[in-house]
Amino acid sequence: MRTDSSPGTLPAREHLPAGDAGTPVLDVVIPVYNEEKDLRPCVLRLHEHLRRTFPYAFRVTIADNASTDTTPLVARRLAAEITEVSHFRLEQKGRGRALRTVWSASEAPILAYMDVDLSTDLNALLPLVAPLISGHSDLAIGSRLARSSRVVRGPKRELISRAYNLILRGSLQARFSDAQCGFKAIRREVARVLLPLVEDSGWFFDTEMLVLAERAGLRIHEVPVDWVDDPDSTVHIVRTATEDLKGVWRVGRALATGSLPLERITRPFGDDPRDRDLQDVPKGLARQLVGFCVVGGLSTLFYLLLYSVFRQFGGSQIANALALLVSAVANTAANRRLTFGVRGRGGAVRHQAQGLVVFGIGLALTSGSLAALNTATSDPAHSTELAVLVAANLAATVLRFLLFRAWVFPDRAEGGSPTVVAAHTPSSPTYSTAPHPPHPQHRPQPYGQRTPQQLPQPPLPQRPVAYPGAHQHETSPVRAGEAADRGWEDATMHLQPVRPTETDQRDPR
């Protein structure tokens, strides 16, 4: 799992400003592999729909995943015939790799993709990207499992799809309804910081991107779609399902260990300019109490189970001490992550040491209760011991929560580094459709060194009749991996690919 550092906390969402420029607002990527028969009618149909219904400038990018048939030739012909169509060639397979490469190099503020078979009704395209253009949402997905969706497909694929989404909900606590529908969109500034954290280069790419975005608190908009299954689909269901389950395990383990810097892709509290001065969202006593009670209840059951086991091999005091020690370590780790939201390994040893001090106080309470019980009666029943220990643990639990909140995991928001917030800028830069060198006195800094105020926000142009000189940059047959460090360096560059860090040896189709 990648742990690349991201540029920082995302700025508040802004409605894309209107203006006149050659930069397309929407870049729809169509990843293809050996689709020589379906590619041309698909692109023509999509282009006609966008030209007729989409009110802003757009581009359709064909991302060729190392096709071995005449797909590259068909793509080049389409790019030569239609101004708003471009072609991009990768020498490695993998849908996720194609999306990461093209999205990373695109200058359009809204990035989308759809499958080449166009199973999803195109009337859902404008509702998909509208919340991203308005600044309401960060990502948008088409959902075949929404109540108002209309889907035509066989029972086998229906069962697999619903079972997979149930697995995501049960294992990764995903709240979105459909991870695999090939109909998604994302804002470019979100993709810039989210994609480096997504490791998969195949079909699990969508799921991993959505899970990480949701865990980081980004807003995902769902659009009910009408969807008709393609009976000629070449997707290998068994192989894809196996790889998806491996991805679920990998992402779940990374989230459990806190190895992902998700705090770097969070939004500031409040998108209204009046809320920008707030440095963080208050965690809230009520939410922490609920989390602590859940963890405490499970810890108490774990403690009683351990006590009953240890009691078979020793006295009550030894069994109580051992059970309390083991459950205290587990309780501190669970509260650290789930109740107080501390991620990563930083400070984990100190937190456990402080937790052991709290454990000592709990041990004194429970041991004192057992000592008092043994003083009152020489041979207490096992059920009586358990009742006394439950009461003592309840008292120790209240004290443990207070100590955790005030001492072990205090809210240091005021003393810590402030959260990056976005400043409101009334004007937006104008972008050209071809790369050009920056002025020597205004050379752009790398994205990792820019502040959110310096990050470019593309304008929202009306759709022009044609892009002057667009045919000079329609086709970019390059190998995936060239110019690896330039993907986000200049927002005006045309489709400069980035190097995927993982090699997908399997054929996802």
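The values are calculated or read from the model by the stated rules, or taken from the named source; none is laboratory data. Remember, predicted model here, so these are calculated numbers, not experimental data. Cβ atoms come from the backbone with ideal geometry, glycine included; neighbour counts cover every protein chain shown. SASA here: full protein model, heavy atoms, side chains in, ligands and nucleic acids out. Shrake-Rupley method; radii C 1.70, N 1.55, O 1.52, S 1.80 Å.
The table below gives the values:
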quantity: Some residue of the range 109-121 being part of a loop (DSSP other than H, G, I, E, B), crowded, with 23+ Cβ neighbours inside 10 Å, out of contact with any Cys (no Cβ under 7 Å at 6 or more places or on another chain) and in contact (Cβ under 8 Å) with a residue 12 or more places away in the chain; calculated: yes
quantity: Residue in the range 284-291 that is in a loop (DSSP other than H, G, I, E, B) and either surrounded by 18 or more Cβ atoms within 10 Å (Cβ to Cβ) or at pLDDT below 85 (or both) present; calculated: yes
quantity: All positions within the range 351-399 that are closer than 14 Å to N331 by Cα, in contact (Cβ under 8 Å) with a residue 60 or more places away in the chain and not hydroxyl-bearing (S, T, Y); calculated: N393
quantity: Among the residues listed as F183, F176, the single one being of a type in the set (F, W, Y) and crowded, with 21+ Cβ neighbours inside 10 Å; calculated: F183
quantity: In the range 348-373, the residues that are out of contact with any Ser or Thr (no Cβ under 8 Å at 6 or more places or on another chain) and more than 15 Å from L325 (Cα to Cα); calculated: A348, V349, R350, G368, S369, A371, A372
quantity: Top-ranked residue in the range 244-268 [being touching a Leu at 6+ places or on another chain (Cβ under 9 Å) and assigned to a loop (DSSP other than H, G, I, E, B); ranked as modelled with the lowest pLDDT]; calculated: P268
quantity: Hey, I141 in contact with a His (Cβ under 9 Å, 6 or more places away or on another chain) and closer than 18 Å to D115 by Cα or not; calculated: yes
quantity: Unique residue being among the small types (G, A, S), more than 18 Å from the chain's Cα centre (by Cα) and either closer than 25 Å to T266 by Cα or outside any loop (DSSP other than H, G, I, E, B) (or both) when the list is A213, A191, A241; calculated: A241
quantity: Qualifying positions in the range 329-346 - closer than 18 Å to V357 by Cα, open to solvent by 20 Å² or more (accessible area, probe 1.4 Å) and not β-branched (V, I, T); calculated: A330, A333, A334, R336
quantity: Pairs where the first residue, in the range 312-327, is touching a residue at least 60 places away in the same chain (Cβ under 8 Å) and the second is aliphatic (A, V, I, L, M), C-beta under 6 Å, 6+ apart; calculated: S316/L370
quantity: Tally of residues being open to solvent by 10 Å² or more (accessible area, probe 1.4 Å) and closer than 15 Å to D121 by Cβ across the range 135-172; calculated: 8
quantity: Qualifying residue in the range 349-365 (condition: open to solvent by less than 70 Å² (accessible area, probe 1.4 Å), among the aliphatic types (A, V, I, L, M), modelled with pLDDT under 80 and farther than 30 Å from A216 by Cβ); calculated: yes
quantity: Extreme residue, nearest to V223 (Cα to Cα), among residues of the range 169-188 that are at pLDDT below 90 and assigned to a helix (DSSP H, G or I); calculated: R169
